[in-house]
1. Can you list residue pairs whose Cβ atoms sit under 6 Å apart, with the first residue in the range 22-48 being more than 23 Å from Thr116 (Cα to Cα) and the second being among the small types (Gly, Ala, Ser)? Count only pairs 6 or more apart in sequence or on different chains.
2. Counting just the residues of the range 105-125 that are of a type in the set (D, E, K, R) and surrounded by 12 or more Cβ atoms within 10 Å (Cβ to Cβ), which one comes out modelled with the lowest pLDDT?
3. Which of the following residues is modelled with pLDDT under 95 and of a type in the set (Gly, Ala, Ser): Ala12, Ala74?
4. Out of the range 75-95, which residues are part of a helix (DSSP H, G or I), more than 14 Å from Asp34 (Cβ to Cβ) and in contact (Cβ under 8 Å) with a residue 12 or more places away in the chain?
5. Mind telling me which of the residues Ser64, Ser35, Ser53 ends up being buried (at least 19 other Cβ atoms within 10 Å of the Cβ), hydroxyl-bearing (Ser, Thr, Tyr) and part of a helix (DSSP H, G or I)?
Amino acid sequence: MNAVQPSLDVDALKELQVVMGEDFPLLVDAFFDDSGNLLIAIQKAIDEDNAESLRRAVHSLKGSAGNMAARVLAVLCQDLEGLAFSGITVGSGKLMTYIVEEHEQVKAALEKVRVTFTLSRAEKL
């Protein structure tokens with residue numbers, strides 16, 4: 001975990017690893033699954049012009065991102081949530097593009113962290 005992963009709050013992620021212990025990789029996998037499903041739900045809500053569904057889905061993604069120390073992704077979600085909260089979906093496509101791009105960066109960074117974490121645990125055995 002270094003400057004290669006600017007999308008993650010490194011200190012918060014280290015704390016999460018300590019708290020989760022050997023279950024940390026499972027948490028990362030759960031985030032990957034949940035966030036992927038939420039991105040689909042967000043896009044569907046945008047396509048259907050459904051501000052309330054959009055707000056709920058992006059709120060969930062914001063929380064998941066925050067829990068995984070993905071601060072930039074959480075802020076982008078907060079921006080889209082605010083738009084949806086006001087009942088607006090028009091213009092949300094641009095924010096969705098940023099969210100998808102940031103999500104990909106977060107996934108890549110978390111995958112590196114997960115591999116490093118798993119290898120360091122294996123070395124201790």
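The values are calculated or read from the model by the stated rules, or taken from the named source; none is laboratory data. The model shown is predicted, which means the values in this text are computed figures rather than measured ones. All Cβ positions, glycine included, derive from the backbone under ideal geometry; neighbour counts span all protein chains shown.
1. The qualifying pairs are Leu38/Ala57; Leu38/Ser60; Ala41/Ala57; Ile42/Ala57; Ala45/Ser53; Ala45/Ala57; Ile46/Ser92.
2. Filtering the range 105-125 down to residues of a type in the set (D, E, K, R) leaves 107, 111-112, 114, 121, 123-124.
Those still in the list that are surrounded by 12 or more Cβ atoms within 10 Å (Cβ to Cβ) too: 107, 111-112, 114, 121.
Details: Lys107: 95, Glu111: 93, Lys112: 91, Arg114: 89, Arg121: 74.
Here the answer is Arg121.
3. Details: Ala74 fails: modelled with pLDDT under 95.
Every option except Ala12 fails the conditions.
4. If the condition is that a residue be part of a helix (DSSP H, G or I), more than 14 Å from Asp34 (Cβ to Cβ) and in contact (Cβ under 8 Å) with a residue 12 or more places away in the chain, then Leu76, Gln78, Asp79, Leu80, Glu81, Leu83, Ala84, Phe85, Ser92, Gly93, Leu95 are the ones that fit.
5. Working: Ser64 fails: buried (at least 19 other Cβ atoms within 10 Å of the Cβ); Ser53 fails: buried (at least 19 other Cβ atoms within 10 Å of the Cβ).
Answer to the selection: Ser35.
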